[in-house]
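The values are calculated or read from the model by the stated rules, or taken from the named source; none is laboratory data. Everything numeric here is computed off the predicted structure, so don't read it as measured data. Cβ placement follows ideal geometry from the backbone for every residue including glycine, while neighbour counts extend to all protein chains displayed. Please note that ligands, DNA and RNA were not included when accessible areas were found on the heavy atoms of the full protein model with its side chains. Shrake-Rupley method; radii C 1.70, N 1.55, O 1.52, S 1.80 Å.
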Amino acid sequence: MFFSDFNLDKCADRLLPVIVQDATTLRVLMLGYMNREAFDKTVDCGLVTFYSRTRQTLWTKGETSGHHLRVVEMYPDCDMDTLLIKACPVGPTCHRGTTACFDTPAEDGFIRSLSSLIARRHEEMPEDSYTTRLFIKGVKKIAQKVGEEAVESAIEAVDGNRDRFIYEAADLMYHYLVLLEQMGVTLPDIERELVKRHS
């Protein structure tokens with residue numbers, strides 16, 4: 001992909017609008033603009049770089065705060081006049097110190113974030129971590145916990161106790177994510193299987 005591939009005839013000041021999305025949670029983080037130089041620098045260094053319309057200069061996100069956006073994937077839109085960048089944020093994205101410039105609900109994408117944290121726990125195996133203890137005990141213990149939490153969730157559902165069901169379902173989801181990690185399976189793997197069945 002090259003900057004010359006984009007059709008900027010409809011774009012203000014012939015600047016490319018860029019939407020940045022968290023590659024893990026899929027939460028939309030911010031909107032910025034690129035000229036050719038900013039695009040090329042982003043591609044070359046792997047850190048999202050914009051063109052500031054107010055200062056009329058390049059700025060790499062996080063160059064003063066250290067809160068960079070590390071590029072994972074880039075996708076042009078169907079009209080080739082907007083770019084989507086999936087990135088891994090290092091720290092908060094917004095100048096307000098918030099995760100994103102858009103005040104969408106904080107829980108958006110949290111299950112994916114939790115899945116990523118569980119994967120790190122599996123890799124690092126920190127002491128005094130319940131997740132580490134589960135991995136040490138192995139797949140049989142993890143599977144047993146998934147079964148127990150599934151039964152407890154089902155009981156609360158049958159009893160019609162919504163609050164208790166939410167509590168038990170959260171336990172079930174956490175242990176299910178640990179089991180996925182133990183089996184070397186990701187949420188996108190499950191999503192791909194569901195998409196196959198849906199189509």
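Per-structure values
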| item | result |
| --- | --- |
| Residues that are among the aliphatic types (A, V, I, L, M), within 22 Å of the chain's Cα centre (by Cα) and open to solvent by less than 30 Å² (accessible area, probe 1.4 Å), drawn from segment 6-22 | 18, 20 |
| Filter result (among the charged types (D, E, K, R) and more than 14 Å from the chain's Cα centre (by Cα)) within segment 102-131 | 103, 120, 121, 123, 124, 127, 128 |
| Flag if residue 183 is more than 19 Å from the chain's Cα centre (by Cα), aliphatic (A, V, I, L, M) and modelled with pLDDT of 95 or more | yes |
| Count of segment 75-88 residues which are open to solvent by 40 Å² or more (accessible area, probe 1.4 Å), part of a strand (DSSP E or B), out of contact with any helix residue (DSSP H, G or I) (no Cβ under 8 Å at 6 or more places or on another chain) and not aromatic (Phe, Trp, Tyr) | 3 |
| Matching residues in segment 140-166 - criterion: being under 28 Å from the mean Cα position of the chain (by Cα) and either surrounded by 14 or more Cβ atoms within 10 Å (Cβ to Cβ) or at pLDDT below 95 (or both) | 142, 143, 145, 146, 149, 150, 153, 165 |
| Subset of segment 36-73 (residues that are within 19 Å of the chain's Cα centre (by Cα) and assigned to a strand (DSSP E or B)) | 47, 69, 70, 71, 72, 73 |
| Any pair with Cβ under 9 angstrom, 6 or more apart, that starts in segment 96-122 at a residue that is within 17 Å of residue 190 (Cβ to Cβ) and ends at one that is exposed (fewer than 13 other Cβ atoms within 10 Å of the Cβ) | 109/26; 112/26 |
| Search result, residues across segment 129-139 that are part of a helix (DSSP H, G or I) and either of a type in the set (Ser, Thr, Tyr) or surrounded by fewer than 18 Cβ atoms within 10 Å (Cβ to Cβ) (or both) | 130, 131, 132, 133, 136, 137, 139 |
| Residue in segment 167-199 that is most open to solvent (accessible area, probe 1.4 Å), counting only those that are polar (S, T, N, Q) and either part of a helix (DSSP H, G or I) or over 19 Å from residue 115 (Cβ atoms) (or both) | 199 |
| Pair list, Cβ < 9 Å and 6+ apart or interchain, from segment 59-82 residues that are free of Cβ contacts under 8 Å to residues at least 60 places away in the same chain to residues that are charged (D, E, K, R) | 60/41; 67/61; 68/61; 69/61; 71/86; 72/86; 73/86; 75/86 |
| Residues of segment 89-111 satisfying the condition of being outside any loop (DSSP other than H, G, I, E, B) and open to solvent by 50 Å² or more (accessible area, probe 1.4 Å) | 110, 111 |
| Residue count for segment 10-56, restricted to those that are in contact (Cβ under 8 Å) with a residue 24 or more places away in the chain, over 19 Å from residue 71 (Cα atoms) and of a type in the set (D, E, K, R) | 3 |
| Exclusive hit being touching a strand residue (DSSP E or B) at 6+ places or on another chain (Cβ under 9 Å) and either at negative phi or not charged (D, E, K, R) (or both), set 106, 119, 100 | 100 |
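Conditions tested, residue by residue: (1) charged (D, E, K, R); (2) touching a Gly at 6+ places or on another chain (Cβ under 8 Å); (3) modelled with pLDDT under 95.
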| residue | (1), (2), (3) |
| --- | --- |
| 38 | no, no, no |
| 41 | yes, no, no |
| 59 | no, no, yes |
| 63 | yes, no, yes |
| 73 | yes, no, no |
